[in-house]
Amino acid sequence: MLSDIEIANAATLQPIRDVAAATLGISEEHLVPYGHHKAKVDLAHLASLADRPLGRLVLVTALSPTPPGEGKTTTTVGLTDALHGLGHRTVACLREPSMGPVFGMKGGAAGGGYSQVVPMTEINLHFTGDFAAIAAANNLLAALIDNHVHHGNELDIDVRSVTWKRVLDTNDRALREVTVGLGGHANGFPREDGFDIVVASELMAIFCLTESWADLKRRIGDIVIGYTRTMAPVTARELGADGAMAVLLRDALAPNLVQTLEGAPAFVHGGPFANIAHGCSSVMATRAGLRLADIVVTEAGFGADLGAEKFVDIKCRKSGLRPDVAVVVATVRALKYHGGVALADLGTEDVAAVEAGMVNLRRHLDNIRGVYGIPCVVAVNRFPTDTDAEVAKVVELVAAEGVQAYPATHFADGGVGAHDLAKGVLATFDEPSPYDFSFTYEDDLSLTAKVEAIATRLYGAGQVTWEAKARRRLQRIERDGYGALPVCVAKTQYSFSTDPTSLGAPSGHELHVREVRLSAGAGFVVVVCGDMMTMPGLPRDPSASRIDLADDGTISGLS
């Protein structure tokens, strides 16, 4: 089989104006083209659709993944193509890839095999410049903070309390902790600083959750950058930064429209990284898709304990959106991994390990139905090494939980390989839901109680422990009036615990909170657990070492 990039490079793409018109009814005058095959949809046109009813929303999530991932984006695209091929007006809503993973461990995030969004190389690299705009706006605020202190510090900012970090869209562990302002008086006041990756920034979350330019500017103004010497919060609005930052993000806020290999429309807009951020595509794109199509298929990052939880408890809470059904992506290899098989041995048949690893998928299914109150089906994303006996065992085990599982071969076969899955999703639409949609916790709980609810209800933890500094920070946030905000837990994606090697469904473990960050503009509080870093490092063998450019301009090695 051809590689992902070979498949993408060989594809014949339709002009994006034709894709927009054929399925979504968007005329060319409402598109802002970025070449022939990608465009932004004019925000004024989207605003004119406000009275349209919303279509059906399908949330694609997964069990706890292996390091290479289990194919959520690939399944989202394959399901979109299947529904599109069956005659349903369907659009995918995906997250924009960060160049950190593209050049790091996981590679790109445009799907894979014959279930991709294209143009793949452009989507995985600079795309339409959204992340560059976010980085520029973020770093403008950082520069304005240091400039304000340098020119007299009228707001009396305590430079030791500045919480706003600079950002970069590549993995670089050397920048996690830095010192700025060295070199004498002309360069400002020396202070400790640091970098996050763009997609972990509060500004990325604001970008994903906002629904208008006015809302964008308000949220930016609410950002708390640090504190005065008397411990009063200082906002971006007080620094006069909100207007200029909103200007830098003005054009980026319009959703990006591309297409799948089979010509179905796809909005790719907003940030990934559900292990360290809220990890959902933009509300702007999701709501646009729901008004323009009958079905929207969207994804949330990593397992349902991370991406789906944040989709429900942050995105749905803030936007009012509600998924009609969840598709849980499971793989034979991930079940064997959670059943005790080493990564190197996952290609060997082991039905007993599949059964042992079911404890992980079972907990995710229980959380989706019992905690979030969302009907679900399971997509068994089939790999070439999976045997018939292993796949049959997955279907049998899932059925014993009262859920239908559908083996799917969309990676190799495109949309037709997900036809059974698509029909299963459509059948779920027709059935009355036995569940009531709900959040993991209520708004009026304390921030501590919200973290405990996630830890005990979803992760199976026995207790939550806190670094003294993190607890003091949490208490300060509550005293400043932010206690009603939801929480965004940053932790490893590989386990329900904070230990990435604790596989399956650990219970009674300790969730240790190392750091707490206020994202007042985004409207949540970030709780960093275990060893999770908001600026990743590159692995020993990064994907960058395999990416190259030929003399004719062809890119190779991108996956």
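A few notes on this one:
- Neighbours by Cβ (under 8 Å, 6+ apart or cross-chain): first from segment 460-472, within 26 Å of SER64 (Cα to Cα); second open to solvent by less than 60 Å² (accessible area, probe 1.4 Å) and assigned to a helix (DSSP H, G or I): GLY460/ARG363; ALA461/ALA455; GLN463/ALA455; VAL464/THR448; VAL464/VAL451; VAL464/ALA455; TRP466/LEU474
- Of all residues in segment 15-62, those being open to solvent by 20 Å² or more (accessible area, probe 1.4 Å) and β-branched (Val, Ile, Thr) number 1.
Each row is one residue, and each column tells you yes or no for (1) open to solvent by 20 Å² or more (accessible area, probe 1.4 Å); (2) at positive phi; (3) at pLDDT below 95.
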position: ARG369; (1), (2), (3): yes, no, no
position: ARG382; (1), (2), (3): yes, no, no
position: GLN404; (1), (2), (3): yes, no, no
position: ALA408; (1), (2), (3): no, no, no
position: ASP413; (1), (2), (3): yes, no, no
position: GLU431; (1), (2), (3): yes, no, yes
position: SER438; (1), (2), (3): yes, no, no
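- The residues in segment 112-127 that are open to solvent by 10 Å² or more (accessible area, probe 1.4 Å), in contact with a His (Cβ under 9 Å, 6 or more places away or on another chain) and not in a helix (DSSP H, G or I) can be counted, and the count is 2.
- Residues in segment 300-315 that are under 15 Å from ALA522 (Cβ atoms) and not β-branched (Val, Ile, Thr): LYS310, PHE311, ASP313, LYS315.
- Residue in segment 148-159 that is touching a Leu at 6+ places or on another chain (Cβ under 7 Å) and either part of a loop (DSSP other than H, G, I, E, B) or open to solvent by 10 Å² or more (accessible area, probe 1.4 Å) (or both) present: yes
- Enumeration of residues in segment 68-97 that are assigned to a loop (DSSP other than H, G, I, E, B) and farther than 14 Å from ALA330 by Cα: LEU86, GLY87, HIS88, ARG89, ARG95, GLU96, PRO97
- Wholly within segment 183-278, helices (runs of 4 or more DSSP H) carrying at least 3 residues that are under 22 Å from the mean Cα position of the chain (by Cα), closer than 29 Å to VAL528 by Cα and in contact (Cβ under 8 Å) with a residue 40 or more places away in the chain: 202-209
- Whenever a residue of segment 16-36 is in contact (Cβ under 8 Å) with a residue 60 or more places away in the chain, its partners that are loosely packed, with under 14 Cβ neighbours inside 10 Å, lying with C-beta atoms within less than 7 angstrom and at least six residues away or across chains, give the pairs ILE16/HIS36.
- Of the residues making up segment 457-478, those that are open to solvent by 60 Å² or more (accessible area, probe 1.4 Å) and under 23 Å from the mean Cα position of the chain (by Cα) number 1.
- Candidate set: segment 276-298, residues that are buried (at least 24 other Cβ atoms within 10 Å of the Cβ) and not hydrophobic (A, V, I, L, M, F, W, C); chosen: the one farthest from LYS38 (Cα to Cα): HIS278
- Of the residues making up segment 31-54, at least one is under 27 Å from TYR114 (Cβ atoms), of a type in the set (Ser, Thr, Tyr), in contact with a strand residue (DSSP E or B) (Cβ under 8 Å, 6 or more places away or on another chain) and assigned to a loop (DSSP other than H, G, I, E, B).
- Taking segment 337-441 and the helices (runs of 4 or more DSSP H) fully enclosed by it, the elements with 1 or more residues that are in contact with a helix residue (DSSP H, G or I) (Cβ under 6 Å, 6 or more places away or on another chain) and under 20 Å from THR90 (Cα atoms) are at 410-413, 419-430.
The values are calculated or read from the model by the stated rules, or taken from the named source; none is laboratory data. Computed from a predicted structure; not experimentally measured. Heads up, the Cβs are rebuilt from the backbone with ideal geometry, glycines too, and the neighbour counts pull from every protein chain shown. For the accessible areas, the whole protein counts, side chains as well, though only heavy atoms, and no ligand, DNA or RNA atoms are used. Shrake-Rupley method; radii C 1.70, N 1.55, O 1.52, S 1.80 Å.
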